[in-house]
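The values are calculated or read from the model by the stated rules, or taken from the named source; none is laboratory data. What you see is a predicted model, and the numbers here were worked out from it, not measured in a lab. So basically every Cβ, Gly included, is an ideal-geometry build from the backbone, and we count neighbours across all protein chains shown. Ligands, DNA and RNA are stripped out before the accessible areas are found, and what is left, the full protein with its side chains, is counted by its heavy atoms. Shrake-Rupley method; radii C 1.70, N 1.55, O 1.52, S 1.80 Å.
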Amino acid sequence: MGAGGKGGCAGCITRTPYATLVAVIMCWAGVGVFCGTMYRGVNLTLRLLQDVFKLDKGLQWVEPTQLAFVILGASMAALALMILVTAILATGATRVEVYKSSVGRVGGRIASACFIFITYILLLAWLVVLLCCIVMTTFYTLSWGVCSTDEIGWDNGVIDFYPLHFMFPEGTQKVNMLVEGQAEIKMFCKDYVQRAEVMFILSTVSCMLVVLSLVHFLMALSANYAHIRGQDKFTDLQDLHMMDITSETVNLTERDNNRYATQEYAM
């Protein structure tokens, strides 16, 4: 029983796709943190625009964008699970058992190629998301830097955003681009900017983790595609070897010592 358990454990070790498993863990961790922090960060940004800058128009795109990020994260988790299943089928002895037939090998190569294409498209999408996270993190970091300066007092300080009026919707009044007074400055700096900065920093780090996991997936899928493709040659070689063993016969003949006589050559 001990030997059987040891053999079963060794079989599980050789059948485990460690590279894909690490990528799945990275992907799930990154997606989980990203969805939570991005959702919270977008909510804080929306409330900041409405409560501090009194903006109600031109913000219809915020909630659909927030929902798109959540859907993208959920789809990534499902895709990672499917890639893990295909990696298990293409690893170790499982590959030999699953891809015995030519039809199975063709199906495995097609599945791997499709996942490579989907992963590549998702990598481009997540790079765009990473760029958006970097922009938002930079904005909130600069805003918190402004809040931390000595010139901005909590009692009678003023933060003027009019030089950035091109970033506001058309028709925004100049008075709404000023953050002045103790209540508004506290609301802007403490309640929104400080909290949103932490959320977007975490979302940026988690997004980078997801991008790294996608790169891992591409490398693992490419290796699995090559392994499945090479299974054709391995199967043909194995069939040829079995054919030689079963069909060939070896005939032993007695050695004739007088057959190879020494020849003398006259000079």
Of the residues Ala111, Ala125, which is out of contact with any strand residue (DSSP E or B) (no Cβ under 9 Å at 6 or more places or on another chain), buried (at least 18 other Cβ atoms within 10 Å of the Cβ) and modelled with pLDDT of 80 or more? Ala111
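Every residue in the stretch 206-222 that is open to solvent by 40 Å² or more (accessible area, probe 1.4 Å) and of a type outside the set (Val, Ile, Thr), please. Spell out how you get there, then give the answer.
Keep residues of the stretch 206-222 that are open to solvent by 40 Å² or more (accessible area, probe 1.4 Å), which gives 208-209, 212, 215-216, 219, 222.
Residues satisfying the conditions are Met208, Leu209, Leu212, His216, Met219, Ser222.
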What is the one condition in (1) part of a helix (DSSP H, G or I); (2) open to solvent by 20 Å² or more (accessible area, probe 1.4 Å); (3) under 24 Å from Phe168 (Cβ atoms) that Gly36 does not satisfy? (3)
Quick one: in the stretch 168-178, of everything that is within 42 Å of the chain's Cα centre (by Cα) and farther than 14 Å from Val52 by Cβ, which residue is least open to solvent (accessible area, probe 1.4 Å)? Pro169
Could you run through the stretch 179-205 and say how many residues are crowded, with 16+ Cβ neighbours inside 10 Å and not in a helix (DSSP H, G or I)? 1
